[in-house]
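The structure appears right after this line, and notes come after that.
The values are calculated or read from the model by the stated rules, or taken from the named source; none is laboratory data. Keep in mind it's a predicted model, so treat the numbers as computed, not measured. Using ideal geometry, Cβ is built from the backbone for each residue, glycine included, and neighbour counts are taken over all protein chains shown. Remember, those area values only see protein heavy atoms, side chains included, never the ligands or the DNA or RNA. Shrake-Rupley method; radii C 1.70, N 1.55, O 1.52, S 1.80 Å.
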Amino acid sequence: QVQLVESGGGLVQAGGSLRLSCAASGIIFDINTMGWYRRAPGKQRELVATISSSGSTNYADADSLKGRFTISRDNAKNTVYLQMNTLTPEDTAVYYCNARILTNGNRWLNYWGQGTQVTVSS
C-alpha cells in the first residue's frame, strides 16, 4: 500500500507565499516523476508542475505560473515540494500531489494525494 500525504495548504492574503509538501510512504522501491496539479472551483484539474527523479522540471505553459511557483523534491525523503510566491486569488484551488511509484509486484503505478486546499484572499 502506498500513500501520498499533502500538507502546507491554508488561507493566505494576496501577495503571500505558501509551501506545499507531499510525502510518499508505504511499499516503495523507486519513484519516477512527481508532480502537482490543481483544481479551481468550477474548473477541471490542471497541471501545475512536474519533476523527474533526476530533478528535471516542467511547468504548465501558463504565464500566470512562470516565475512564481517552484517545484523541488527530496529523494531521500520521498517528498516533493511546491513553493508558491506572490499568490493571487486566481491561485485558489485544491492542490493535488501525484507520483509514479514502483511498488509491490514490480509494478509502476500512478498515485494521487487527497488534496490540500489553498485559498488566497484579495
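Descriptive notes on the structure:
- Taking the criterion of being of a type in the set (A, V, I, L, M, F, W, C) and over 17 Å from A76 (Cβ atoms), the residues of segment 6-42 that qualify are L11, V12, A14, L18, L20, I27, W36, A40.
- Applying the condition of being in contact (Cβ under 8 Å) with a residue 40 or more places away in the chain and small (G, A, S) to segment 73-122 and asking which residue is surrounded by the fewest Cβ atoms within 10 Å (Cβ to Cβ) yields S122.
- Residues (more than 23 Å from V120 (Cβ to Cβ) and surrounded by 14 or more Cβ atoms within 10 Å (Cβ to Cβ)) located in segment 1-31: V2, L4, A23, A24, I28, I31
- Test: residue in segment 44-64 that is among the charged types (D, E, K, R), within 19 Å of N110 (Cα to Cα) and either open to solvent by 20 Å² or more (accessible area, probe 1.4 Å) or in contact with a Phe, Trp or Tyr (Cβ under 9 Å, 6 or more places away or on another chain) (or both): yes
Every residue, every condition in (1) under 13 Å from the mean Cα position of the chain (by Cα); (2) in a loop (DSSP other than H, G, I, E, B); (3) of a type in the set (S, T, N, Q), yes or no:
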position	(1), (2), (3)
I28	no, yes, no
N32	no, no, yes
S53	no, yes, yes
N58	yes, no, yes
S64	no, yes, yes
S72	yes, no, yes
V94	yes, no, no
Q117	yes, no, yes
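- Failed item in (1) at pLDDT 95 or above; (2) under 18 Å from Q3 (Cα atoms); (3) surrounded by 12 or more Cβ atoms within 10 Å (Cβ to Cβ); (4) not basic (K, R), with A40 passing the rest: (2)
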